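Below: one structure, written as structure tokens.
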Amino acid sequence: MNARPESTVLVTGASGALGSRLLPLLPAQRVIAVDLRPPASAQVHAFESVDLGREAATARLLEIMVREEVTDVVHLSFAQARNPQEAADRDRLWQVNVAGTGRLMEAVTEANRRGSRIQRFVLRSSALVYGPEARGALPETANFGA
């Protein structure tokens, strides 16, 4: 009999700083790494190159989730500006960070509509820059408190 781990975890941003630290902590899970390039060192079940900044990412992620029977999603992928030229490309940053998160959430929703059993969705957030005491909705002008 072909025994499978209890969970299959899809990790976006698997090759980045956060992803490269998380993957070694998931040895008992079947990990599907999603990023633009493969992870450098961690052992994963599969690697899928997906650009969350592109509209086609939704259909691609859905196909992966259904095919691989994903049970958990950890969303670590994000784009950041490393120089003034990249900072000027606000559309690309928005497409990856905002629309890309929406595309991933849409794929999870559609996969579950089709009978998948994605039970957990972990989303990293920068909300903690406002500090642990922040409560309720915060305006963009709120002071950082981390």
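The values are calculated or read from the model by the stated rules, or taken from the named source; none is laboratory data. Bear in mind the structure is a predicted one, so any value in this text is a computation, not a measurement. A quick note on method: Cβ atoms are made from the backbone with ideal geometry, for glycine too, and the neighbour counts reach across all protein chains shown. Please note that ligands, DNA and RNA were not included when accessible areas were found on the heavy atoms of the full protein model with its side chains. Shrake-Rupley method; radii C 1.70, N 1.55, O 1.52, S 1.80 Å.
In table form, for the structure just shown:
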| read-out | value |
| --- | --- |
| Total residues in the range 48-92, condition open to solvent by 40 Å² or more (accessible area, probe 1.4 Å) and over 13 Å from the mean Cα position of the chain (by Cα) | 22 |
| Check on residue 15, buried (at least 17 other Cβ atoms within 10 Å of the Cβ) and in contact (Cβ under 8 Å) with a residue 60 or more places away in the chain | no |
| Index of the failed condition, residue 35 passing every other in (1) surrounded by 19 or more Cβ atoms within 10 Å (Cβ to Cβ); (2) touching a residue at least 40 places away in the same chain (Cβ under 8 Å); (3) more than 16 Å from the chain's Cα centre (by Cα) | (3) |
| Residue count, the range 53-81 (criterion: without any contact (Cβ under 8 Å) to a residue 60 or more places away in the chain and closer than 20 Å to residue 124 by Cα) | 8 |
| Filter result (open to solvent by 80 Å² or more (accessible area, probe 1.4 Å), at pLDDT 80 or above, assigned to a loop (DSSP other than H, G, I, E, B) and hydrophobic (A, V, I, L, M, F, W, C)) within the range 118-146 | none |
| Some residue of the range 101-108 being modelled with pLDDT of 95 or more and open to solvent by 50 Å² or more (accessible area, probe 1.4 Å) | yes |
